[in-house]
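Comments concern the structure below.
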C-alpha cells in the first residue's frame, strides 16, 4: 500500500533521515518505534508532504506521491493524527469533527461519519456542543482520532497517541486502535509504548539516529530483543 524507498530529508541544511525504507501493507498495522530524536515524526511529515525529499521516493497505491501538497493528501485517502492532538480549542467538538470532513468530496458523508465517530467515542457525543478546549487530554486525543476518521481514510497515520495520557486512558486508546484494525483500516503508528505497540502490530520498525536499524514481522519479535536494540545493550 505504501512504500518508502531510500529517502533523505530534513530541515533546511540539516538532514535528519538517511536512506530510510519502510513498507506498510493494506489492512495491517505498521508500528515505528525508537528513542526521541530518531526521526520518526520527521518521517511522517515527509509522507504527508510537509517536508521535501532530497533523495528517494514515496509510493502510495503504486503511485509516486512525494511532492503532493499536504492539503491534497486526504483526497488520496491518507490522514495524519499529529502528536499533541492539535485540536481547535475555541471551536466546539462537533465543529472540530466537521473540519475533518472539510474537503469537498467528503462533505456529503459528513453527518454519517460524525455519527460513526460518536458511536466509537460516546464521551464526545455527550459534550458535542462544548468547546474542545474544555476536554481532558484523553478526550482531546479521542477528538483528534475521531476528526481524522471523518474523511474515512484508507491509510491512517498516528503520531504518539498515548503521549502524556494516564494508563487507563492509554488502555482505552489501544482498544480503539484494535477496533480500527479489525475494521480493516491500514495504520502506521509511531508509539513509545513499545509493549502495547508490539502486541497490536503486524510489522515493526526500529529507528535510531535517522535510520531504520531493525525490521521484522511483529510475530517474530520479542520485547526483550527490541529493548536490547532500543537501549543499545
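Filter the range 218-232 down to the residues that are touching a strand residue (DSSP E or B) at 6+ places or on another chain (Cβ under 6 Å) and closer than 21 Å to residue 28 by Cβ, then identify the one that is surrounded by the most Cβ atoms within 10 Å (Cβ to Cβ).
Of everything passing the filter in the range 218-232, 221 is surrounded by the most Cβ atoms within 10 Å (Cβ to Cβ).
When the range 62-83 is examined, which residues are found to be assigned to a helix (DSSP H, G or I) and either closer than 19 Å to residue 3 by Cβ or without any contact (Cβ under 8 Å) to a residue 60 or more places away in the chain (or both)?
Matches in the range 62-83: 70, 71, 72, 75, 76.
Please determine whether any residue of the range 165-180 is under 28 Å from residue 26 (Cα atoms), exposed (fewer than 14 other Cβ atoms within 10 Å of the Cβ) and in contact (Cβ under 8 Å) with a residue 40 or more places away in the chain.
yes
Quick one: count up the residues across the range 129-156 that are more than 24 Å from residue 108 (Cβ to Cβ) and surrounded by 23 or more Cβ atoms within 10 Å (Cβ to Cβ).
3
Could you please let me know if residue 52 is touching a helix residue (DSSP H, G or I) at 6+ places or on another chain (Cβ under 9 Å) and either free of Cβ contacts under 8 Å to residues at least 60 places away in the same chain or in a strand (DSSP E or B) (or both)?
Values: touching a helix residue (DSSP H, G or I) at 6+ places or on another chain (Cβ under 9 Å): yes; either free of Cβ contacts under 8 Å to residues at least 60 places away in the same chain or in a strand (DSSP E or B) (or both): yes.
Spelling it out, residue 52 is indeed touching a helix residue (DSSP H, G or I) at 6+ places or on another chain (Cβ under 9 Å) and either free of Cβ contacts under 8 Å to residues at least 60 places away in the same chain or in a strand (DSSP E or B) (or both).
Are any residues in the range 90-109 at pLDDT 90 or above and part of a loop (DSSP other than H, G, I, E, B), and if so, which ones?
Residues of the range 90-109 that are at pLDDT 90 or above, as a first pass: 90-97.
90, 91 - these are the residues of the range 90-109 that are at pLDDT 90 or above and part of a loop (DSSP other than H, G, I, E, B).
Which condition from (1) closer than 19 Å to residue 2 by Cβ; (2) surrounded by 15 or more Cβ atoms within 10 Å (Cβ to Cβ) is the one that residue 100 breaks?
(1)
The values are calculated or read from the model by the stated rules, or taken from the named source; none is laboratory data. Note that the coordinates shown come from a computational prediction; the quantities given were computed from them, not determined experimentally. When we count neighbours, we look across all protein chains shown, and the Cβ atoms used for this are built from the backbone with ideal geometry, even at glycine.
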